[in-house]
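J.: One structure, as structure tokens, below. Some questions next.
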Amino acid sequence: MFQQKKPYSAVTVTVENLTSESYEEEDLSGIPDLVEVIKLQASGPGEAARAIRKKLKYGNVHRQIRALVLLDGLIQNAGERFQRTFADEPLLERLRVCGSDQLSDPEVKKKCRELFRSWAQYAGTPGLDRIAKLHKELPKRKVAATQERSKVIRETEENPFVDDEQEEAAKEAAKKADQNASGPSNPPSFSHAKSTSMSSSFFGGSKEKKKDKAKGKRKQFNLEEEKEQMKSVIADSSFAATNLQNALQSINREKEQISDNQAAMEQFEACKLLRRKVLRYIHHVEHEQWLGGLLHANDELVHALMTFEQLDRSIDADSDSDDELAEQAHLYRSMFMLNPSPQYMHD
């Protein structure tokens, strides 16, 4: 006989209904009904815990706060069977993340801390000992800063000078096009050889050749000439990071995956490009007057990019492993502030 791996019954349906916008945040009227449907199911406490955890992870701010209110109501009213069996580690870890993680909404954090302090009274109550300790616990899934970082962070660090190289190549191509348009035509074989050589160096060829050519072409950095552009990049970085965060907040992750949202993807790509520019300036600039602003811009972009990467998970997967990225982002920023020149920047 086929049996669902994860129960889906009136318990999950009731949690879905009670966390909707139809209910005010602190409305307790639906809790008696939820208690009843939990008691009717052998798997009721575990299913309720999973449904609440998913709302805490994927829901908007209203649904997250409603989930916390429901959980508090169940702890107080659902009886000993619920108290003894609902508090599994995935739910506890999700509560820790909601209550302390930098990516958690301030209102959700505030509600968590309020409840955590209240739940401290349950120390010694069978099944609630771990709930009672939440007020002094942080997320447990920490990743060492020396481990492999996120894909997007690696991508934006691979070559911060890519814009310089593309700009130089584009200028060279435009110059040759002007010369061909205004001057005498070159013999076909010579023109073809030049075109093939340029195309090969820009679009293909070995990495070693491209690196050597880039080093030869890379123009000398001039702080006076770059000041205005650097100011613009710093301002644009803050603006783009904020726009990406706002775009992420507006997406209903229960219905749409982040990477399927065009507006979010556009902001994501803009942040990636700006971070390369910021890293280029960090490599060149030594003046404290500018370095602080550049480091702050990098911090904002890293936070926004890793938030995108963390949230871009399908609800069907329902895995908490991506919570590690939040801690990873914090550790990365701490490491970057201590050593603002990543290893790849040294020639």
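The values are calculated or read from the model by the stated rules, or taken from the named source; none is laboratory data. In this text, all values refer to a predicted model and were calculated from it rather than measured experimentally. All Cβ positions, even for glycine, are placed from backbone atoms using ideal geometry, and neighbour counts span all protein chains on display.
J.: Just checking, does the stretch 88-97 include any residue being within 18 Å of residue 310 (Cβ to Cβ), at pLDDT 90 or above and of a type in the set (Asp, Glu)?
T.: Yes - at least one qualifying residue is present in the stretch 88-97.
J.: Related question: Going by what's in this entry, would residue 24 be described as without any contact (Cβ under 8 Å) to a residue 12 or more places away in the chain and under 18 Å from residue 108 (Cβ atoms)?
T.: Judged against the criteria, residue 24 is a match.
J.: Would you pick out the residues in the stretch 256-291 that are closer than 12 Å to residue 234 by Cα and loosely packed, with under 15 Cβ neighbours inside 10 Å?
T.: Matches in the stretch 256-291: 291 only.
J.: Residues of the stretch 52-75 being modelled with pLDDT under 95 and over 27 Å from the mean Cα position of the chain (by Cα), which ones?
T.: If the condition is that a residue be modelled with pLDDT under 95 and over 27 Å from the mean Cα position of the chain (by Cα), then no residue fits.
J.: For residues in the stretch 43-86 being β-branched (Val, Ile, Thr) and under 12 Å from residue 15 (Cα atoms), which is surrounded by the most Cβ atoms within 10 Å (Cβ to Cβ)?
T.: Per the criteria, the residue is 52.
J.: Additional query: Any chance the stretch 121-128 includes a residue that's at pLDDT 55 or above and either part of a helix (DSSP H, G or I) or of a type in the set (Asp, Glu) (or both)?
T.: Yes, because at least one residue in the stretch 121-128 is at pLDDT 55 or above and either part of a helix (DSSP H, G or I) or of a type in the set (Asp, Glu) (or both).
J.: Go over the candidates 115, 128 one by one and state the one that is within 21 Å of residue 18 (Cα to Cα) and either among the β-branched types (Val, Ile, Thr) or surrounded by 15 or more Cβ atoms within 10 Å (Cβ to Cβ) (or both).
T.: Just one listed residue meets the conditions, 115.
J.: Here's something else I'd like to know. Could you check how many residues of the stretch 79-130 are in contact (Cβ under 8 Å) with a residue 24 or more places away in the chain and either among the hydrophobic types (A, V, I, L, M, F, W, C) or more than 30 Å from residue 245 (Cβ to Cβ) (or both)?
T.: Adding up the residues that qualify gives 27.
J.: Before we move on, is residue 94 in the same structural domain as residue 132 (by TED's automatic domain parsing), in a helix (DSSP H, G or I), farther than 22 Å from residue 125 by Cβ and of a type outside the set (A, V, I, L, M, F, W, C)?
T.: The answer is no for residue 94.
J.: Answer yes or no as to whether residue 304 is of a type in the set (Gly, Ala, Ser), at pLDDT below 50 and under 30 Å from residue 51 (Cα atoms).
T.: no
J.: Output the residue which, of all residues in the stretch 280-295 that are assigned to a helix (DSSP H, G or I) and free of Cβ contacts under 8 Å to residues at least 40 places away in the same chain, is nearest to residue 270 (Cα to Cα).
T.: Of everything passing the filter in the stretch 280-295, 292 is nearest to residue 270 (Cα to Cα).
J.: Just wondering, is there one or more residues in the stretch 220-242 that are in the same structural domain as residue 311 (by TED's automatic domain parsing), touching a Ser or Thr at 6+ places or on another chain (Cβ under 7 Å) and at pLDDT 70 or above?
T.: Looking through the stretch 220-242, none of the residues is in the same structural domain as residue 311 (by TED's automatic domain parsing), touching a Ser or Thr at 6+ places or on another chain (Cβ under 7 Å) and at pLDDT 70 or above.
J.: Could you say whether any residue in the stretch 22-43 is on the phi < 0 side of the Ramachandran plot, outside any loop (DSSP other than H, G, I, E, B) and under 29 Å from the mean Cα position of the chain (by Cα)?
T.: Scanning the stretch 22-43, I find no residue that is on the phi < 0 side of the Ramachandran plot, outside any loop (DSSP other than H, G, I, E, B) and under 29 Å from the mean Cα position of the chain (by Cα), so the answer is no.
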